[in-house]
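Report on one structure; see the data block that follows.
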Amino acid sequence: MKIVVLSGKGGTGKTTISTNLAVNIKNAVLIDTDVEEPNSHVFLNPKIEDTIPVTKDYPDVDMDKCILCGKCGDFCRYNAILPARNKVLIFKEMCHDCGGCELVCPAHAIKYIKREIGNIYSGVSKYGVKMKYGDLNVGEVSGVKIIEELKELVKDEEMVIIDAPPGTSCSTVAAATGVDYAIVVSEPTPFGVSDMKMVVEMLRNMNIPFGVVVNKAGLGDNEIYEYCDEENIEILQEVPFDKEIAKLYASGNILSYELKVYKEKIETILKKIK
Ligand code: SF4
Ligand code: SF4
């Protein structure tokens with residue numbers, strides 16, 4: 001089973017839920033696909049056993065062959081290749097590695113060059129959980145390739161928890177594609193609910209079953225409960241806004257090892273999903 005943990009915005013407690021789920025499921029593997037800002041490893045503290053570089057191709061134009069016809073630029077949806085007056089400009093960070101410009105080039109002037117965009121780290125946490133996380137190099141535009149490779153590495157695992165990037169970007173869609181179930185973590189504040197609605201719409205478009213965890217319950221108002229009721233969305237659990245939890249989190253603790261009540265809440269989420 002593959003479960004993705006999502007949130008409409010950062011800082012809602014998505015990683016807390018992901019890591020606590022992983023330590024409470026036998027033989028679970030956690031992958032942190034929030035490659036722009038991975039932080040599950042801060043809590044799970046894995047001993048890194050393997051580092052895999054992730055590469056992407058970008059076009060290189062042989063100007064001796066190029067006839068400056070402009071077809072590559074017309075084809076590219078990402079403005080990554082731009083035929084100018086005397087040469088073809090390449091913006092390699094913008095390239096999505098689709099291979100299309102080579103196909104449309106009538107002069108066979110385009111070849112691809114590999115470049116590293118980040119790394120995947122694999123290890124075993126001090127809590128016994130296997131984990132992998134991706135790390136996108138600074139300045140890179142898209143981490144989708146790293147996310148796809150992370151998911152490929154765990155495709156045969158029985159139980160995978162996926163800590164997704166926040167929001168509804170291409171990276172979030174890549175993290176959620178093909179999962180069996182999604183947990184949406186949200187704060188009960190107007191901003192939290194507004195961002196959560198976009199995630200709900202995304203999951204419905206992707207036909208992924210999901211439930212909501214209300215984190216920091218008691219902090220905002222009732223809008224989240226009214227919305228979930230109107231939309232027939234199951235609330236899997238509520239975690240109260242609590243100074244003790246905030247302190248333990250800030251010190252990098254796994255909450256379900258420190259607080260019995262938190263462990264029970266995580267177990268209830270798992271039971272409901274099953
Ligand atoms: S499609 Fe090929 S020939 Fe035409 S501008 Fe691009 S690189 Fe040059
Ligand atoms: S490979 Fe695709 S995304 Fe990259 S420059 Fe060519 S057409 Fe654009």
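The values are calculated or read from the model by the stated rules, or taken from the named source; none is laboratory data. Every value quoted in this text rests on a predicted model; they were computed, and no experiment measured them. Glycine gets a Cβ as well: all are built from the backbone with ideal geometry, and neighbour counts include every protein chain shown. Surface accessibility is based on the protein's heavy atoms, side chains included, excluding ligands, DNA and RNA. Shrake-Rupley method; radii C 1.70, N 1.55, O 1.52, S 1.80 Å.
Just a few scattered comments:
- For a label point 7 Å along the Cα-to-beta-carbon line of GLU158, residues of the range 110-128 with backbone N under 11 Å: none
- Sites ASP50 and ASN79, calculated FRET efficiency, Cβ-Cβ separation with R0 41 Å, nearest 0.05: 0.70
- For peptides 2-12, 23-33, sequence by mean Cβ density within 10 Å, most packed first: 2-12, 23-33
- Antiparallel beta bridges, as assigned by DSSP with both residues in the chain, represent about 50 percent of the total such bridges.
- Across the accessible surface of the range 56-116, with the other protein chains kept in place and a 1.4 Å probe, carbon and sulfur atoms take up 51 percent.
- Alpha-carbon gyration tensor eigenvalues x 5, square-rooted, for the range 55-205, Å: 37, 20, 13
- Solvent-free Debye scattering, log10 I(q)/I(0), computed from the Cα coordinates of the range 1-40 at q = 0.15, 0.19, 0.21, 0.36 Å⁻¹: -0.34, -0.54, -0.66, -1.48
- Here the Kirkwood formula puts the hydrodynamic radius of the range 56-116 at 11.3 Å, using every distinct Cα pair.
- The range 115-270, Rg to Rh (Cα coordinates; Rh as Kirkwood inverse mean 1/r): 0.97
- As a rough guide to protection, the peptides 175-183, 47-55 ranked by mean Cβ packing within 10 Å, highest first, stand as 175-183, 47-55.
- Per residue, in Å², the accessible surface of the chain once ligands and nucleic acids are set aside, probe 1.4 Å: 51
- Hull-based mean projected area of the range 6-85, where the convex hull spans the alpha carbons, in square nanometres: 9.5
- The C-alpha atoms of the chain define a longest principal axis, and helix 260-273 lies at about 60 degrees to it.
- Taking only alpha carbon atoms, the chain gives an Rg to Rh ratio of 1.06, where Rh is the Kirkwood radius.
- Coil-residue GluC sites (Glu not before Pro) of the range 84-169, DSSP, other Cβ within 10 Å capped at 13: GLU158
- Applying both filters, DSSP loop and at most 16 other Cβ atoms within 10 Å, to the trypsin sites (Lys or Arg not before Pro) of the range 51-140 gives LYS65, ARG77, ARG85, LYS87, LYS126.
- Applying both filters, DSSP loop and at most 14 other Cβ atoms within 10 Å, to the GluC sites (Glu not before Pro) of the range 183-274 gives GLU231, GLU234.
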